[in-house]
Amino acid sequence: MDLILLADSLDSSQPLLRAASRAGYRLLKLVGRDDAAAGYVESLRPDAMIIVSDQIDEPILREMNAVMKTRPIPMVIFTRDSTREAIDRAVKAGATTYVVDCNEPERLSSLLGVARARFDEQQRLKKELSMTKNALQERKSVEKAKGIIMKSKSLSEDQAYRAMRRLAMNHNKRIGEIAKQIISASEVLV
């Protein structure tokens with residue numbers, strides 16, 4: 001597993017660097033808090049990012065948000081900041097694991113495993129939600145298009161749906177695409 005480490009200082013991250021090396025992880029880049037971590041994530045394409053910071057503040061949260069927009073990856077945070085606000089803000093920014101005062105860097109492998117599993121589940125849920133929203137929007141479009149056809153052609157609901165389905169099959173398109181075209185055409189004609 002390839003890692004990027006964002007740290008307040010090289011000294012604070014030494015125990016984790018040693019544990020990562022012993023566990024067989026490869027450190028691609030050590031990034032300071034003022035460096036553009038998202039750019040390194042985009043170019044180096046690590047499997048995860050570790051953040052070692054005494055406090056989870058605005059600069060750290062900005063970097064986390066930038067990473068999630070650029071190329072989402074699991075992020076494991078090691079910090080001394082145990083405030084509820086810091087935890088909430090870090091999770092909203094994309095943290096998959098948040099560890100306070102870890103004196104056992106050997107736990108890095110299991111923590112990264114949890115982070116990867118949690119990240120994968122979040123990505124699956126986001127994809128599922130997006131697909132559900134798209135399906136709902138498509139269904140609304142189909143219903144609206146059916147109404148347009150029913151009104152303009154004096155057809156029943158079933159006849160209008162069959163006409164749309166026939167158009168979709170004849171043009172090798174999804175019925176949702178045909179519905180959008182019907183709605184667009186009706187807006188031009190009105």
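The values are calculated or read from the model by the stated rules, or taken from the named source; none is laboratory data. Because the structure is predicted, anything quoted here is derived from the model rather than measured. All Cβ positions, glycine included, derive from the backbone under ideal geometry; neighbour counts span all protein chains shown. For the accessible areas, the whole protein counts, side chains as well, though only heavy atoms, and no ligand, DNA or RNA atoms are used. Shrake-Rupley method; radii C 1.70, N 1.55, O 1.52, S 1.80 Å.
Evaluate region 110-126: report whether one residue or more is open to solvent by less than 60 Å² (accessible area, probe 1.4 Å), more than 22 Å from Asp2 (Cβ to Cβ) and in a helix (DSSP H, G or I). No: region 110-126 contains no residue that is open to solvent by less than 60 Å² (accessible area, probe 1.4 Å), more than 22 Å from Asp2 (Cβ to Cβ) and in a helix (DSSP H, G or I). Working carefully through the options Leu112, Leu155, Leu167, find the one that is among the hydrophobic types (A, V, I, L, M, F, W, C) and in contact (Cβ under 8 Å) with a residue 60 or more places away in the chain. Result: Leu112 is the single residue among Leu112, Leu155, Leu167 that is among the hydrophobic types (A, V, I, L, M, F, W, C) and in contact (Cβ under 8 Å) with a residue 60 or more places away in the chain.
If you go through region 1-58 and keep only what is more than 20 Å from the chain's Cα centre (by Cα), at pLDDT 90 or above, of a type in the set (Asp, Glu) and open to solvent by 70 Å² or more (accessible area, probe 1.4 Å), you end up with Asp54, Glu58.
For region 5-26, the set of residues classified as under 11 Å from Val76 (Cβ atoms) and not in a helix (DSSP H, G or I) consists of Leu5, Leu6, listed by residue number.
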